[in-house]
Amino acid sequence: MTWLVIRVRSNIGVERSIKQTMGHLNLTRVNHAVLIPENDVYAGMLQKAKDYITWGQVDESTIANLIAERGRLMGDKPITDAVVKAETDFKNIKEFASSIVSGDSSTKTITDMKPVFRLHPPRGANGWGGIKRHFTVGGALGYRGEAIIDLAGRMI
């Protein structure tokens with residue numbers, strides 16, 4: 001499985017070790033998102049920065065939509081099926097996304113692909129729902145499981 005991690009809060013007043021952890025995750029700005037594999041090393045990093053990020057498991061269609069809409073190459077060029085076919089063994093973005101979900105490849109497979117997806121703030125009346133509270137009590141922070149798919153859809 002693959003996690004989608006989105007940065008919710010800024011760097012102001014953040015402890016240095018948490019700031020470094022978010023830097024290692026490539027989450028340098030608010031509303032930036034990354035795709036990371038689900039393993040124990042990343043799970044520890046997510047727990048360290050849980051008061052500043054939100055994450056959950058994503059499906060193939062969400063990753064394909066994220067790459068097609070918000071994925072960028074160096075020089076701010078969009079990622080298309082032609083780019084995926086030329087750079088990888090996959091025929092299109094959908095096959096590439098299914099490979100990312102299964103853990104067989106990552107965003108590093110395309111050499112010029114930027115690891116960060118710059119997202120729009122959440123659309124809708126609820127927005128984040130509060131950036132200082134955990135997701136279980138109506139806020140935006142921490143683990144949200146499959147509900148990250150809805151949030152990603154509102155941010156793409």
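Nothing in this text is a laboratory measurement; each read-out follows from the coordinates by a stated rule. A quick note: this is a predicted structure, and the numbers were derived from the prediction, not measured. A quick note on method: Cβ atoms are made from the backbone with ideal geometry, for glycine too, and the neighbour counts reach across all protein chains shown.
Quick notes on this structure:
- Among Gly129, Val84, Trp55 the positive-end extreme of the charge dipole of the chain (Cβ point charges): Gly129
- The charge dipole of the chain, taken about its Cα centre with unit charges on the Cβ of Lys, Arg, Asp and Glu (plus for the first two, minus for the last two), comes to roughly 800 debye.
- Angle between the chain longest axis and helix 93-102 axis [Cα atoms, degrees, rounded to 10]: 50
- Average silhouette area of segment 1-47, convex hull of alpha-carbon atoms, in square nanometres: 3.1
- Percent of Cα pairs in the chain per distance bin of 10 Å, from zero to the largest separation: 11, 42, 34, 11, 1.
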